[in-house]
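The next block holds one structure in the form of structure tokens; read it before the comments.
The values are calculated or read from the model by the stated rules, or taken from the named source; none is laboratory data. The structure presented is a predicted model; accordingly, all values stated were derived computationally and were not measured. Using ideal geometry, Cβ is built from the backbone for each residue, glycine included, and neighbour counts are taken over all protein chains shown.
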Amino acid sequence: MSSEKPTSTTVEKLTKYYSLQVVSQERLYNFLPKISVLDSDKVCSDFIHSLIDQICGKIISFDRFINDENQRIVYQLIRVYTLFINKVVGKDLKKEYICEDLKTANVENIYITTVSDCIISRFQDIKKELTEKLSAISSSSLCDFDWKMNAILSSDRINIVQENVLLLNLTIETNINDKKEQVLIELSKKELDHILETFDQINEVIQSLKV
């Protein structure tokens, strides 16, 4: 009589990190070790729980973590660790894989333990929130669009400057009575660059929710 050994569930690695599917995003994880700028593992725990609160829809102030010397770093940590949490929860990673990703990023051991414990302790809350956000995104969809460039003149006391403006006409379809709405957006180059950057961030969140 033969007995079968239980097979362990393994996670496919598409990059050097279990939680990333796109190699170009690896550079973002280079900032993960900067978590050591926080004074202790206790402060780190408070920081990660505050991030999770924000992900779950609460309005959070991070002022208590910021001083004149670390302001830029803390703001970057907020962005990068929000992405990291979205990624590991979106891929439903176990603690061992979360720790392995942090280790690969050269995060100090004491912070690896703290960060992974915080995420695991609130894993289901995060997953529920991300699922609801994805559902909300999916409730409306872009079914058509049109665009054209307009040249407008702007002036100050000295110069008259021609500025190109993008006119974007979006047709949005909602799930409510199959209603369609027309949305007209006028964007300067600076505004267009900003919205493209925002779309890139939205795509990162959506990719993190894909299994």
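Where the second residue is modelled with pLDDT under 70 and exposed (fewer than 12 other Cβ atoms within 10 Å of the Cβ) and the first is over 22 Å from Trp147 (Cα atoms) and lies in the range 163-179, which pairs have Cβ atoms under 6 Å and are six or more apart or on separate chains?
Asn175/Ser139
Specify the residue that is modelled with the highest pLDDT; the eligible residues are those in the range 3-37 that are of a type in the set (Gly, Ala, Ser) and farther than 15 Å from Ile98 by Cβ. Break it down stepwise before answering.
Of the range 3-37, the ones of a type in the set (Gly, Ala, Ser) are 3, 8, 19, 24, 36.
Narrowing further to those that are farther than 15 Å from Ile98 by Cβ: 3, 8, 24, 36.
Details: Ser3: 42, Ser8: 44, Ser24: 79, Ser36: 95.
Applying the filter and picking the extreme gives Ser36.
Can you confirm whether Ile35 is over 14 Å from Ile85 (Cβ atoms) and within 21 Å of the chain's Cα centre (by Cα)? Before you say what the answer is, go through the steps one by one.
Values: over 14 Å from Ile85 (Cβ atoms): no; within 21 Å of the chain's Cα centre (by Cα): yes.
It is false that Ile35 is over 14 Å from Ile85 (Cβ atoms) and within 21 Å of the chain's Cα centre (by Cα).
Pick from Ile119, Ile126, Ile112: which is under 30 Å from Pro33 (Cα atoms), assigned to a helix (DSSP H, G or I), over 18 Å from the mean Cα position of the chain (by Cα) and modelled with pLDDT of 75 or more?
Values: Ile119 fails: over 18 Å from the mean Cα position of the chain (by Cα); Ile126 fails: over 18 Å from the mean Cα position of the chain (by Cα).
When all the criteria are applied, what remains is Ile112.
Among the listed residues Ser61, Ser24, Ser19, Ser36, which satisfies the condition of being in a loop (DSSP other than H, G, I, E, B), surrounded by fewer than 18 Cβ atoms within 10 Å (Cβ to Cβ) and not acidic (Asp, Glu)? Even if it seems obvious, please write down each step before you answer.
Details: Ser24 fails: in a loop (DSSP other than H, G, I, E, B); Ser19 fails: surrounded by fewer than 18 Cβ atoms within 10 Å (Cβ to Cβ); Ser36 fails: in a loop (DSSP other than H, G, I, E, B).
Criteria check complete, one pass: Ser61.
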